[in-house]
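The values are calculated or read from the model by the stated rules, or taken from the named source; none is laboratory data. This structure is a prediction, so every number in the text was calculated from the model and none was measured. Don't worry about glycine lacking a Cβ; one is built from the backbone with ideal geometry, like all the others, and counts go over all protein chains shown.
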Amino acid sequence: MKKLFALVLVAVMMLTAASAALAETAGSTVKENSLQKVLDEGVFKVGLDVGFAPMGFYEEGTDNIIGYDIDLAAAVAERLGVAVEFVPVVWETKEMELAAYTIDCVWNGMSITPARQEIMTISDAYLTNNIVVLLKEGSAASLDDLKGKTVGVQSGSFAEELMAGEYAEFASAVEVLAFEDYVAAIMDLKNENLDAVIIDEVVANYQIQVMGLEGYTTIEALSEDLYGIGFRKGDYMLCGAVEEALLDMAQDGTLAEISTKWFGSDVALIGK
């Protein structure tokens, strides 16, 4: 692994001057070589929303953070030769946390969107997803059935972006409530304060299967959704090193093992 990382470091350093120039024109927030900063400090700080099972969340009854993205990030940090630190953030302020250097990346089921690509450097997609409607079985069969009702979204989420953009007409026909995280939204759904939650399918399926949501289902597929890892705009060296580590994990079977642990099969996109 050390040989792999050395080769990666040499390759990305050859692009340093060009990357810096590109970052300058793109309005970069990069102030220093983040990859070197991570290596010097010996810690890779990963920002996440800890209410986003199965990607990253608190193990029940503990302060231990677990999840698919948690296992991926820990394995990447090991390949970089550093420790990993998971830093809970409010999802709608994740870009501010990056700019303030309190975290090195955002890694927690973050949808790749044009708006985010304008202000962040985002890795290649590593997982595919859909935005769906979570609701009680039999309560609605389509979006039309929800008109006049109340739906929840997570603040700063792709689902919220869809309600303000492509699905603005639907949003105008319902009451849209924004929550800090999906856990809070789902609790309101269970308590019948909401009629539906617009949510990531991987999260909805996990909640239905594992977290006691018997009697609930998903309908529609509002948009295909690709997950990526967000870095400061222009942070090509750190992004490249993480991508190379993930590719190595795909080649040696680690990625498939982690994917199967959380989803029952190898659903990762890296290396395919």
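Observations, loosely collected:
- When Glu224 is tested against the conditions (1) closer than 26 Å to Ala100 by Cα; (2) touching a strand residue (DSSP E or B) at 6+ places or on another chain (Cβ under 7 Å), the lone failure is (1).
- Residue check, Leu22 at pLDDT below 55 and over 19 Å from Leu98 (Cβ atoms): no
- Residues considered: Val84, Val76. Of these, the only one that is touching a residue at least 24 places away in the same chain (Cβ under 8 Å), under 18 Å from the mean Cα position of the chain (by Cα) and part of a helix (DSSP H, G or I) is Val76.
- Restricting the stretch 217-263 to residues that are in a helix (DSSP H, G or I), under 25 Å from Val183 (Cα atoms) and hydrophobic (A, V, I, L, M, F, W, C), the residue that is modelled with the lowest pLDDT is Phe263.
- The listed residue being surrounded by fewer than 22 Cβ atoms within 10 Å (Cβ to Cβ), closer than 29 Å to Gly61 by Cβ and in contact (Cβ under 8 Å) with a residue 40 or more places away in the chain, out of Asp195, Asp181, Asp188, Asp200: Asp181
- Selected residue (criterion: farthest from Gly156 (Cα to Cα)) from residues of the stretch 105-139 that are more than 14 Å from the chain's Cα centre (by Cα) and buried (at least 18 other Cβ atoms within 10 Å of the Cβ): Leu135
- In the stretch 85-104, residue farthest from Tyr182 (Cα to Cα) [restricted to those that are among the β-branched types (Val, Ile, Thr) and surrounded by fewer than 19 Cβ atoms within 10 Å (Cβ to Cβ)]: Thr102
- Residue count for the stretch 54-69, restricted to those that are in a strand (DSSP E or B) and among the aliphatic types (A, V, I, L, M): 2
- Against the list (1) buried (at least 16 other Cβ atoms within 10 Å of the Cβ); (2) closer than 19 Å to Gln207 by Cα; (3) assigned by TED's automatic domain parsing to the domain that holds Leu247; (4) at pLDDT below 95, the condition Tyr68 fails is (4).
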